[in-house]
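The values are calculated or read from the model by the stated rules, or taken from the named source; none is laboratory data. Predicted model only: the values in this text are computed from it and were never measured. Here the Cβ positions follow ideal geometry from the backbone for every residue, glycine too, while neighbour counts run over all protein chains shown. For accessibility, only protein heavy atoms count, side chains too; no ligands or nucleic acids. Shrake-Rupley method; radii C 1.70, N 1.55, O 1.52, S 1.80 Å.
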Amino acid sequence: MAALLLAPVLTYLFVISYYPIADTVWTSLHSGSVMPTREQQFVGLEHYRSVLSSPSFWNSFWVTLIYTFVSVPIEMVLGLGVALLINRDFWGRYVALVAILFPWALPTIINAQIWSWLFHGEYGVINDLLIRVGILESAYPFLSDPDIALASMLFVTIWKTTSFVALILLAGLASIPDNLYEAARIDGASKVKQFWYVTLPLLKPVILVALIFRTLPAFQAFGLPYGLTGGGPGESTTTLVLWAHSQTFTRFEFGEGAAAATIITLVAMVICLIYVMTLYEPEVR
Amino acid sequence: MSSKTHDPTSSVADDQSVFDRFDPHRVGEQLGFYGSVVLLCLVSFFPIIWIFLTSIKPSTEIIQFPVQYLPSEVTLDNYVMALQQAPFLRYLINSFIVASGTAILCVVLGSMAGYALSRLDFRFKLHVLMIVLVSAMLPFFGRLIPLFDLARSTGFLNSYLGLIIPYSAFQLPFAIWIFQAYFKELPDSLEEAGLIDGLSHIGVLFRIILPVSAPAMATTAIIVFIYAWNEFLFALTFMTEDSMRTITVGIALYQGEYTYPWATISAAVFMSIVPLLLLMLFFQRKIVEGLTAGVGKA
């Protein structure tokens, strides 16, 4: 019976998820154009060698690491703050939740375009606001300065996904029984102590979920750099997937694109594994 | 107020009575709280408010600096332009079909697997769970080229199914997770009654469990719908014909084909967001409660 219910899903996952990954690994080890005809010549790690010796690959690798490991921790802290703030009953709660969740529902590529307009070097409203409050003296081309472009991209992604983290953490907060806080209060624990010794430990599984759900997409960022900066100026905001995508679909280096894709897959899996090993606690029943 | 802060045993009930009397500290806290919430909402909504304002401005007022915040006159020209210069309505319809199809497929397959994983005992259960979980962690880009190849050789490029099939596969782990978390909470008596009445497990699932699972179905459907509506990488690669593009791709490529017409883009962007906004307003509770039910038990 279980087999009957699971067969479609398992077949599906093997055809659409596992087989393609295997095929990508296969492609990464073979020479020749993948499309339209397959020439199957085993070249070993040749594509990996040329990817790993490419400075622009390493540039995109570091850009991606910075992008991921700056944005995710900030999102977690801000998300926790937002979750703690709205974790109570108040008038207009659901309207506020919709408003706060809105950035998450916004398509990344559309978001990228909206912000490229907001950050516009001449007519951008961000420039205007910063001048009005006296932070800037004249309009600044946020997206054409290599250092600031990456920071701007970080800002946009944090703006977009903090709300999602907040919602996930809010779910975790809601599942903590009130009597634990009551007990802590009776024992004389301050609000801060309650947070450290009751809230945070019990939030761990949910934090793990949020971390994985945020790190994986951040590590595969494509739409945001594509729409916001196009990877530039120079290659200052070229993420791994953007680099691999242009390698594959612009330069038609399928073998190298596949090698890069395999590397992305491996690194993503390792990051997830580290998260799970540090944070996962088997359910106690 | 002072006694409250020094008394660690004060409970919620005490807070309430303190609030009933007039208490400046409490009022201040409330003001601070609502102030923060309103600020948060403003920060969240600011970009789209700005896009809306841009979309109804005459084009001369869009490229002004210092910025002109409110339009001197409201115009719908930009919307007319958007609809005339690119088939944005067509894109919207394409997105709608793809997103709905993905949502339906995920609900059907996700509920089946979720039922098996939460209410049935069988060998290899842990293995199946692992297969589902790991597939959720596989990067999308690693699957792009082979799936593109597959779609091309099977004729699925530039077809709705060409996107619905991969999107569903990517979202299935999430759907299964939501359904199994929800099903776990249902009382055993529900299906026992059905089994005694002679229904098979599949009969129990479709006749008894699913009819009471509207919350899980709605959550899954909405979140999967939003995902499919928003996806860009696969939509960009698989839909090479203009008439098959989804709205995200349509808007993204629009600015390349014409020289940055911000007014028209703003109008198109705003049109593309209205469906999402409506969805969120109508189903706010389902989104929040559904995720709460699922994540709380993770």
Next on the checklist: I'm told residue B:134 meets every condition in (1) more than 17 Å from residue A:10 (Cα to Cα); (2) more than 7 Å from chain A (Cβ to nearest Cβ); (3) of a type in the set (Val, Ile, Thr) except one. Can you identify the failing condition by its number?
Outcome noted: (1)
Checklist entry - Which pairs have Cβ atoms under 8 Å, sit 6 or more apart or on different chains, and link a residue in segment B:57-71 that is in contact (Cβ under 8 Å) with a residue 24 or more places away in the chain to one that is surrounded by 12 or more Cβ atoms within 10 Å (Cβ to Cβ) and aliphatic (A, V, I, L, M)? => result B:57/B:263; B:59/B:263; B:62/B:263
Checklist entry - Just a yes or no: is a residue in segment A:73-89 within 8 Å of chain B (Cβ to nearest Cβ) and open to solvent by 10 Å² or more (accessible area, probe 1.4 Å)? => result yes
Item to check | Which numbered condition residue A:232 fails, given (1) open to solvent by less than 30 Å² (accessible area, probe 1.4 Å); (2) in a helix (DSSP H, G or I) | outcome: (2)
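Per-residue answers, yes or no, for (1) aliphatic (A, V, I, L, M); (2) at pLDDT 90 or above; (3) within 30 Å of residue B:253 (Cβ to Cβ):
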position	(1), (2), (3)
B:88	no, no, yes
B:93	yes, yes, yes
B:100	no, yes, yes
B:120	yes, no, no
B:124	no, no, no
B:127	no, no, no
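A quick yes/no check of all residues on (1) modelled with pLDDT under 85; (2) under 30 Å from residue B:141 (Cα atoms):
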| position | (1), (2) |
| --- | --- |
| B:202 | yes, no |
| B:230 | no, yes |
| B:247 | no, yes |
| B:257 | yes, yes |
| B:261 | yes, no |
| B:273 | no, yes |
| B:281 | yes, no |
Checklist entry - Pairs under 7 Å by beta carbon, first residue more than 26 Å from residue B:229 (Cβ to Cβ) in segment A:108-131, partner among the small types (Gly, Ala, Ser) and in a helix (DSSP H, G or I), six or more apart or different chains? => result A:121/A:144
Checklist entry - For segment A:209-226, what are the residues that are more than 8 Å from chain B (Cβ to nearest Cβ) and open to solvent by less than 50 Å² (accessible area, probe 1.4 Å)? => result A:210, A:211, A:214, A:215, A:218, A:221, A:224, A:225
Item to check | Out of B:122, B:174, B:156, sole residue that is within 8 Å of another protein chain (Cβ to nearest Cβ) and at negative phi | outcome: B:122
Item to check | Scan of segment A:96-146 for residues that are more than 8 Å from chain B (Cβ to nearest Cβ), of a type in the set (Val, Ile, Thr) and open to solvent by 40 Å² or more (accessible area, probe 1.4 Å), ordered by number | outcome: A:133, A:135
Checklist entry - of a type in the set (Ser, Thr, Tyr), closer than 27 Å to residue B:232 by Cβ and open to solvent by 20 Å² or more (accessible area, probe 1.4 Å): does that describe residue A:190? => result no
Checklist entry - With respect to residue A:168, is the statement that it is closer than 30 Å to residue A:238 by Cβ, at pLDDT 80 or above, open to solvent by less than 40 Å² (accessible area, probe 1.4 Å) and touching a Gly at 6+ places or on another chain (Cβ under 9 Å) true? => result yes
Checklist entry - Does residue B:90 qualify as being assigned to a helix (DSSP H, G or I) and open to solvent by 20 Å² or more (accessible area, probe 1.4 Å)? => result yes
Checklist entry - Between a first residue in segment B:25-41 that is over 22 Å from residue A:159 (Cα atoms) and a second residue that is at pLDDT below 90 and surrounded by 10 or more Cβ atoms within 10 Å (Cβ to Cβ), which pairs have beta carbons less than 7 Å apart while being 6 or more apart in sequence or on different chains? => result B:25/B:1; B:26/B:18; B:26/B:19
Checklist outcome for this item: Of (1) at pLDDT 85 or above; (2) within 11 Å of another protein chain (Cβ to nearest Cβ), residue A:256 satisfies every one except (2)
Next on the checklist: If I filter segment A:236-245 for residues that are open to solvent by 30 Å² or more (accessible area, probe 1.4 Å), more than 9 Å from chain B (Cβ to nearest Cβ) and touching a residue at least 12 places away in the same chain (Cβ under 8 Å), do I get at least one hit?
Outcome noted: no
Checklist entry - Within segment B:47-61, restricting attention to residues that are at pLDDT 85 or above and assigned to a loop (DSSP other than H, G, I, E, B), which residue is surrounded by the fewest Cβ atoms within 10 Å (Cβ to Cβ)? => result B:56
